[in-house]
Each structure stands twice: as structure tokens, then as C-alpha cells.
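The values are calculated or read from the model by the stated rules, or taken from the named source; none is laboratory data. Quick caveat: nothing in here was measured; it's all calculated off a predicted structure. Quick reminder, even Gly has a Cβ in these numbers, built from the backbone with ideal geometry, and neighbours come from all protein chains shown. Surface areas here come from the heavy atoms of the whole protein model, side chains and all, with no ligands, DNA or RNA. Shrake-Rupley method; radii C 1.70, N 1.55, O 1.52, S 1.80 Å.
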Amino acid sequence: MNISGSVALVTGANRGLGLAFSRELVRRGAAKVYGAARNPAAVTEPGVLPVALDITDGDQVERVAAQCADVSLLVNNAGVLRYSTFTSAPDLDAARQEMETNYFGTLRMCRAFAPVLAAAGGGAIVNMLSVTSFFTNPFDASYGASKAAEWSLTNGVRLELHHQGTLVVAVHAGFIDTEMAALTDAPKISPESVAAQVFDAVEAGQVEVLADERSRDIKAKLSRDHELIYPPIQEFWDAAVSGTPRD
Ligand SMILES: NC(=O)c1ccc[n+]([C@@H]2O[C@H](COP(=O)([O-])OP(=O)(O)OC[C@H]3O[C@@H](n4cnc5c(N)ncnc54)[C@H](OP(=O)(O)O)[C@@H]3O)[C@@H](O)[C@H]2O)c1
């Protein structure tokens with residue numbers, strides 16, 4: 001589909017990758033860009049219309065779908081990362097928040113906007129996933145579970161909405177240079193690069209974006225994950241929990 005002339009809605013548009021998505025949509029000539037955020041006053045990008053939206057609030061999601069009934073491109077970007085393990089986290093709060101936002105929030109948005117996109121002639125959904133949709137890392141284990149669930153959701157929604165002509169794009173990336181990845185000094189891709197790749201893919205009708213070398217490498221290794229993906233992670237984790245520095 002063409003970005004130029006489309007009507008887009010971006011969740012989590014106030015900062016980070018959501019801001020980069022909004023800016024790129026305006027740059028590519030979208031007719032209207034709704035910038036959805038928990039605090040709409042924080043959406044200040046020129047050309048972006050602020051909309052109040054917490055994707056964990058079902059009533060609010062329904063209201064926004066009714067209010068923004070002209071949307072043809074839905075960008076499910078909002079997400080949370082709580083850096084929580086499965087077995088040593090003090091409770092399930094982080095795991096629940098990640099699942100409630102990343103999985104159930106995105107599911108709510110897809111359900112609410114499916115008829116809106118059908119009315120627009122199909123349109124497109126972009127779901128912002130992660131390289132951790134593909135494998136588990138104890139440093140962000142419960143986040144990975146929520147992103148794996150969101151990946152499964154994305155593949156299912158694509159199958160379910162094929163009949164109405166909706167393009168459903170899965171976006172995977174390793175670290176992106178936003179507040180979410182501020183804790184690490186590992187290599188990061190820019191949010192602008194992710195946004196450009198994503199809208200190139202939407203315009204080309206592609207269903208998947210592997211936005212950086214890390215996600216391309218991990219996806220290529222998936223069929224041999226217990227030989228190629230997990231052993232180095234295990235080594236790193238064992239060193240971390242035993243307090244032994246790695247060289
Ligand atoms: N940064 C990375 O390394 C990286 C890598 C791969 C994938 N991702 C994914 O990329 C997406 C964007 O992340 P980011 O890097 O831009 O992170 P970020 O800087 O932490 O921004 C997260 C955005 O999501 C919003 N949000 C969180 N919970 C929400 C809710 N319940 N309802 C509505 N908005 C909510 C935040 O709003 P508030 O300002 O109100 O908190 C903020 O706008 C996420 O889905 C993330 O999982 C990030």
C-alpha cells in the first residue's frame with residue numbers, strides 16, 4: 001500500500017520508536033497521522049494529531065477505534081520491557097505487565113481495528129516485535145515470552161485478515177537506540193532506520209522486517225537453536241549468576 005495518502009495511527013507515539021514512526025509517516029505524505037499515547041499532551045510532533053490511548057484499557061481502545069474510523073494503517077508500536085527473569089523475579093507483576101501490554105494490548109488493537117481496516121479496503125497492520133520473539137534470554141525472559149506471544153498473534157492475525165486484504169507486517173529488531181535500551185551499551189540500530197525499513201516493507205507488501213544483523217542472524221539459526229543460539233547465552237548467564245566475569 002502507499003503511505004502517501006494513507007491515514008495512520010501509531011501507538012506509543014510520544015517518544016522513542018513511536019515518534020520516529022510518526023515523523024516518517026508525515027515525511028512520506030500520509031494524509032493524517034494519529035499519534036496515540038497515554039499522555040496525549042506529550043505528542044508534539046508537527047503534523048501528528050494527539051489521541052489519548054492506553055492499550056491495556058479495553059474501553060479506551062474501542063472508543064479510539066470508533067473515533068479514528070478512517071485509519072488505513074495501524075502501527076502497534078507501544079510496548080514495555082521490565083528486565084525480569086522467570087524464576088528469580090520477586091513476583092509476577094513484570095511478567096503480567098509485559099503480557100498485558102505487548103500481547104493483550106496489541107491483540108485488543110488488532111481486534112478493534114480489523115473492521116476499520118476492512119472498511120478502508122484492507123490497509124495494513126505493523127506489529128513491532130523483537131529479536132526476542134525468536135528465543136529466550138534470562139535477562140529479559142518474561143519480555144521475550146510476551147514478544148513470542150505477540151509474534152504468534154501477528155502470524156494468526158495475518159491468516160485471519162487475509163480475506164479482507166489486510167497486510168500484516170511483523171518487525172523484529174535487536175537493540176534500538178531509545179530509552180528502552182538505555183541500560184545497555186551493546187550496538188543499537190537507530191529508530192529512524194527501523195521506521196524507514198518498516199514503511200519500505202509496507203509499500204512493497206512484505207510481511208516481515210528483520211531490521212538489523214542480530215535479528216537476521218538469529219532467525220537464520222532458529223532450526224538449530226540448541227546448538228547455535230542457546231549455548232552462548234547459557235555461558236553468559238552462568239557467568240552472571242556465579243559472579244565470574246567473562247573475558
Ligand atoms: N528499544 C529496543 O531496543 C527495542 C528492540 C526491539 C523491539 N522494541 C519494541 O519497540 C517498541 C517501541 O519501543 P521503544 O524502544 O520506543 O521503547 P520506549 O522508548 O520505552 O517507548 C515505549 C512506548 O510505548 C508506550 N507504552 C507503554 N505502555 C503503553 C500502554 N499501556 N499504552 C500505550 N502506550 C504505552 C510508552 O508510553 P509512555 O511514554 O506513556 O510510557 C512509549 O511511548 C516496543 O514494542 C518495544 O518492545 C524495542
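Beyond 18 Å, what percent of the Cα pairs of segment 1-133 remain? Before the final figure, lay out the partial values.
Details: 4605 of 8778 pairs.
Value for segment 1-133 (Cα pairs over 18 Å): 52 percent.
Percent of accessible area on segment 30-132 owned by carbon and sulfur, 1.4 Å probe? List each step's numbers first, then the result.
Values: 2350 of 4500 Å².
Here carbon and sulfur together make up 52 percent of the probe-accessible area.
Determine the distance separating the Cα centre of segment 9-69 from the Cα centre of segment 181-231; give it in Å without decimals.
First find each Cα centre; the distance between them is then 24 Å.
Round to a whole number: what % of the accessible area of segment 133-237 belongs to carbon and sulfur, probe 1.4 Å?
55 percent
Using a 1.4 Å probe and ignoring any ligands, DNA or RNA, find the accessible area of residue 70 and quote it in Å² to the nearest 10.
60 Å²
Would you mind working out the accessible area per residue for the chain, using a 1.4 Å probe, and quoting it in Å²?
Per residue, the chain has 47 Å² of solvent-accessible surface.
Helix 106-119 sits at what angle to the longest principal axis of the chain, using alpha carbons and giving 0 to 90 degrees rounded to 10?
For 106-119 against the chain, the angle is about 30 degrees.
Which residues in segment 203-233 have a backbone N closer than 14 Å to a point placed 7 Å from the Cα of residue 185 along the Cα-to-Cβ line?
None, by backbone N distance to the label point.
How are the alpha carbon pair distances in the chain distributed across 10 Å bins from zero to the largest one, expressed in percent?
Whole-percent P(r) values from 0 Å outward: 8, 32, 37, 17, 6, 1.
Relative contact order for the chain: what percent, with Cα pairs under 8 Å and sequence separation of 6 or more?
Working: 461 pairs, mean separation 43.6, N = 247.
Normalised by residue count, the contact order of the chain is 18 percent.
Of 145, 186, 211, which is the most mobile in a GNM of the chain whose springs link Cα atoms less than 10 angstrom apart?
Taking springs between Cα atoms under 10 Å, the residue moving most is 186.
For segment 114-204, state the semi-axes of the equivalent ellipsoid (square roots of 5 times the eigenvalues of the alpha-carbon gyration tensor), sorted largest first and rounded to whole angstrom. Before the final figure, lay out each step's value.
Details: eigenvalues 149, 55, 15 Å².
Equivalent ellipsoid semi-axes, largest first: 27, 17, 9 Å.
In straight Cα distance, which lysines are under 25 Å from residue 147, not counting same-chain residues fewer than 8 positions off?
Residue 147 reaches 188, 219, 221.
How much length is gained on full extension from residue 164 to residue 93, taking 0.36 nm per residue of separation minus their Cα-Cα distance? Spell out each step's value before the answer.
On the way: separation 71, 0.36 × 71 = 25.56 nm, distance 3.74 nm.
Extending this stretch completely gives an extra 21.8 nm.
For the chain, modelled as a GNM with alpha-carbon contacts under 10 angstrom, which of 142, 88, 152 fluctuates the most?
With Cα springs under 10 Å in the chain, the top fluctuation among 142, 88, 152 is at 88.
Provide the net charge surrounding residue 39, with neighbours chosen by a C-beta distance below 11 Å and charges set as Lys +1, Arg +1, Asp -1, Glu -1. It would help to have the intermediate numbers written out before the result.
Working: positive: 15, 38; negative: 54.
Once all neighbours under 11 Å are counted, the net charge is +1.
How far is helix 58-67 tilted off the main Cα axis of the chain, in degrees rounded to 10, range 0 to 90?
With rounding to tens, the tilt is 40 degrees.
Can you give me the P(r) profile for segment 66-123? Cα pairs, bins 10 angstrom wide beginning at 0, each as a whole percent.
22, 37, 22, 15, 4
For 185, 93, give the ranking by accessible area with the largest first, probe 1.4 Å. Intermediate values should be presented prior to the final figure.
Details: 185 150, 93 95 Å².
In descending accessible area the options line up as 185, 93.
Quick one: order 92, 183, 222 from most to least accessible surface, probe 1.4 Å.
On the way: 92 105, 183 145, 222 45 Å².
The ordering from most to least exposed comes out as 183, 92, 222.
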